[in-house]
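Structure first, then comments.
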Amino acid sequence: MEDVETLPALTGSEGLVASGAALQRVQTQFSTAVAIQRPRRRLEVIRACEEEATIAGDEFYYSWTVTTKEGKKELVEGLSIQAALAAARNWGNCGVPCSVEENMNTYIFTATFVDLETGFNLQRTFRQKKSLNIGKKYNERAEDIVFQIGQSKAIRNVILNALPSWLTTKMLAKSKENVIEKINKMGIAVAREKTVAFFAKHGVTPDRIENKLGGKKATAWDVEDLALLQGAMKTLLSGQESADSLFPVHQETTSKAEDVKARFEGKEAPPPPVSSEPTDKGAMERNYAGEIRACGSIAEAEGIFEDFCKTKPVQAEKDKVTKMLQSVIAQHHKADSGDPSTVFDGRGKS
């Protein structure tokens, strides 16, 4: 795996050898280099990383979308690819080769962190979809940018997983301090306005941002929220995620502006967008329409409908079950009146 050859002292290197250092040629399948063998000084690494993080600030800090165990999408914060590279550079005597495999729909990147001083190495694989939406302005070179995004994420992930968490945590804290300091200098009220204006240019309305922040209204965003959104701005500008992936369109409610306008004009507000999934799992597990259809009486059908309404179904499902109830009631009335055109057989067929 690794062949180490100690070279004899040469002219100009006597001082190094006398001080206990040695010249080595390090050859591995990942890297070939001539390096000076000296122990890594971790406190010096910390100071260097924190210094760079303080200078870089928001260049090292960004946020992205993750899906929780409950299926909700949330913003999380972390270090950028620039921060990861700075950390590796200050850690020293390491390499991060990255290979790629390509299929019809994805690139599969395999990045390897190699610590030449300790012999430790770690691999991480990252799958990048070729269909990533990075915005219309990048259409001409979208494929190249998507490739670069995947490669950067693979390298970032393996570095941040390989390096000690005590180092990366300190870098994140320092870079975030810089972001928060800028927000405080600007003023939270101004920062809120600029944040809303920025995302508006990318087609993101305040309600979509509020939904991502757990329903927290824009007027209540604090410095921590604004810092997180600052990271999202960096992610959006770099093309690593689209506006729709960072802040999905909320499908359950009608826009308040549309609702107020409709009320003012004396019209009904437009119906909310239809979701393909009910909000209550019970509505998926129980076939209310089928049960109503099989009822032998109106009272029984109305009882099932009442249970159905308690599940708070989406509008599309509610319309379907309501229509079935109306059909069953109509069938019963026709049967009671002796209408020969319909035979109600207990299944509500029309």
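A few remarks follow.
- Segments classed as strands (runs of 3 or more DSSP E), wholly inside region 69-118, with at least 1 members that are at pLDDT 90 or above and of a type in the set (D, E, K, R): 98-102, 106-115
- Region 121-142, residues that are within 15 Å of TYR107 (Cα to Cα), at pLDDT 80 or above and surrounded by 14 or more Cβ atoms within 10 Å (Cβ to Cβ): ARG124, PHE126, ARG127, GLN128, LYS130
- Subset of region 298-333 that is more than 14 Å from ASN287 (Cα to Cα) and of a type in the set (S, T, N, Q) - its residue that is farthest from the chain's Cα centre (by Cα): GLN331
- Pair list, Cβ under 6 Å, 6 or more apart: region 192-204 residue closer than 16 Å to GLU241 by Cα, other residue assigned to a loop (DSSP other than H, G, I, E, B) and aromatic (Phe, Trp, Tyr): VAL204/PHE247
- Of all residues making up region 175-199, the number that are over 17 Å from SER63 (Cα atoms) and of a type in the set (S, T, N, Q): 1
The values are calculated or read from the model by the stated rules, or taken from the named source; none is laboratory data. Computed from a prediction, not measured in an experiment: that's the story for all the values here. With ideal geometry, Cβ positions are generated from the backbone for all residues, glycine too; neighbour counts draw on all protein chains shown.
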